[in-house]
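Trainee: Structure in structure tokens, see below.
The values are calculated or read from the model by the stated rules, or taken from the named source; none is laboratory data. In this text, all values refer to a predicted model and were calculated from it rather than measured experimentally. Neighbour counts run over all protein chains shown; Cβ positions are idealised from the backbone, glycine included.
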Amino acid sequence: MRNYVDLHTHSNVSDGQLRPAEVVRLAERKRLAAVALTDHDSADGLAEAEAAARALPIRFVRGVEISASFSGGTMHIVGLGIDPANRRLRSAMGRLVRARQRRNPKVVAKLRAMGVDVTLEQWRAWAGDCRMVGRLHMAKLLCAKGYARDVGDAFRRYIGAGAPAFVDKELLSPREAIEAIHAAGGLAVLAHPPELNYGSNARLERIVRSLVRDGLDGIEAIHSEHSPAQTRHYLALAGRLGLLVSGGSDFHGPDQLDNRVGLPRVPLAAVEELLARIHC
Ligand SMILES: [Zn+2]
Ligand SMILES: [Zn+2]
């Protein structure tokens with residue numbers, strides 16, 4: 001019996017290390033019942049992943065992770081069950097990709113002004129086979145050059161929200177992100193709430209209630225970076241606000257030693273209602 005799922009993974013179409021088909025095959029080897037590929041602002045890996053899943057005893061869910069503007073932290077909204085050909089979603093993703101291309105030179109300029117010896121070319125080289133040159137790659141570059149202890153440290157001290165070399169690229173409001181996902185037939189799920197840096201639980205509830213007014217369908221209650229207490233809190237919040245529950249690893253590749261496909265365990269039973277409403 002396959003009793004677990006992973007509804008949040010990345011491939012080298014965004015900032016992951018493995019090809020889309022490899023992510024699916026890995027999930028199958030972990031004997032998961034379902035896997036979603038949720039690359040940042042891109043649906044380009046879904047056809048390859050879906051084709052790989054067709055030959056395997058695993059359900060594939062077409063996904064995407066969209067960045068939305070949020071003061072003080074990162075707001076990511078995962079879309080599950082999307083039609084990748086939908087024009088409205090494609091145009092929203094295109095805007096985000098172009099914004100990232102404009103952002104990166106500004107980040108390098110800020111870092112260099114701080115005395116950090118990095119270049120745009122080094123950043124691109126660090127992205128390797130990835131089609132997206134994202135902040136995770138810069139974080140790894142900063143670690144390799146000895147400027148940061150680990151990826152988290154790099155985000156905190158240099159490039160994360162509130163840090164000196166942070167440049168906001170987000171163009172879409174949460175409502176626009178949710179509406180683009182809905183236009184493509186998907187369900188909109190708030191990803192990893194701790195990255196909102198919300199402070200108190202009361203503030204988180206205000207943020208989530210406002211997202212619900214914007215059409216939010218679910219909350220990622222289970223995630224590799226949530227503590228057991230956080231997971232319990234998000235599950236309770238979902239119950240109180242009538243939100244669907246989702247969960248996943250946020251896997252980016254074998255380099256991230258503490259992040260594996262299928263971990264933490266996301267019970268199929270916890271996401272059954274969400275999966276029942278997805279038709280792909
Ligand atoms: Zn995310
Ligand atoms: Zn992610």
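Trainee: For region 40-55, name all the residues that are more than 16 Å from ligand 2 (Cβ to nearest atom) and either modelled with pLDDT of 95 or more or surrounded by 21 or more Cβ atoms within 10 Å (Cβ to Cβ) (or both). Talk me through it step by step, then tell me what you get.
Mentor: First, pick out the residues of region 40-55 that are more than 16 Å from ligand 2 (Cβ to nearest atom): 47-48, 50-55.
Listed by number, the residues that qualify are 47, 48, 50, 51, 52, 53, 54.
Trainee: Right, another one. When you scan region 5-40, how many residues do you find that are of a type outside the set (Asp, Glu), farther than 22 Å from residue 96 by Cα and in a helix (DSSP H, G or I)?
Mentor: 7
Trainee: May I ask you to list the residues in region 69-79 that are crowded, with 22+ Cβ neighbours inside 10 Å and either more than 16 Å from residue 182 (Cα to Cα) or more than 13 Å from ligand 2 (Cβ to nearest atom) (or both)?
Mentor: Of everything in region 69-79, just one residue is crowded, with 22+ Cβ neighbours inside 10 Å and either more than 16 Å from residue 182 (Cα to Cα) or more than 13 Å from ligand 2 (Cβ to nearest atom) (or both), namely 75.
Trainee: Which one is nearest to residue 138 (Cα to Cα), of the residues in region 15-39 that are surrounded by 23 or more Cβ atoms within 10 Å (Cβ to Cβ) and within 13 Å of ligand 2 (Cβ to nearest atom)?
Mentor: Going through the qualifying residues, I end up with 16.
Trainee: Follow-up. Does region 56-107 hold any residues that are hydrophobic (A, V, I, L, M, F, W, C) and assigned to a helix (DSSP H, G or I), and which are they?
Mentor: Once the filter is applied, which keeps residues that are hydrophobic (A, V, I, L, M, F, W, C) and assigned to a helix (DSSP H, G or I), region 56-107 yields 89, 92, 93, 96, 97, 99, 107.
Residues are listed down the side, and each one gets a yes or a no for (1) under 30 Å from residue 161 (Cβ atoms); (2) touching a Pro at 6+ places or on another chain (Cβ under 8 Å); (3) modelled with pLDDT of 95 or more:
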| site | (1), (2), (3) |
| --- | --- |
| 57 | no, no, yes |
| 81 | yes, no, yes |
| 86 | yes, no, yes |
| 95 | yes, no, no |
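Trainee: Could you check how many residues of region 190-241 are outside any helix (DSSP H, G or I) and without any contact (Cβ under 8 Å) to a residue 12 or more places away in the chain? Give the steps one after another, and end with the answer.
Mentor: The initial filter retains those residues of region 190-241 that are outside any helix (DSSP H, G or I), namely 190-192, 197-200, 214-227.
Among the residues that remain, those that are also without any contact (Cβ under 8 Å) to a residue 12 or more places away in the chain are: 199-200, 227.
Of the residues in that region, 3 qualify.
Trainee: Separate question: Quick check on this structure: which one of 262, 239 is out of contact with any strand residue (DSSP E or B) (no Cβ under 8 Å at 6 or more places or on another chain) and among the small types (Gly, Ala, Ser)?
Mentor: 239
Trainee: Considering only region 11-30, state which residues are more than 15 Å from residue 254 (Cβ to Cβ) and touching a residue at least 60 places away in the same chain (Cβ under 8 Å). Lay out the reasoning, then the answer.
Mentor: First, pick out the residues of region 11-30 that are more than 15 Å from residue 254 (Cβ to Cβ): 13-14, 20-21, 24, 28.
Listed by number, the residues that qualify are 13, 14.
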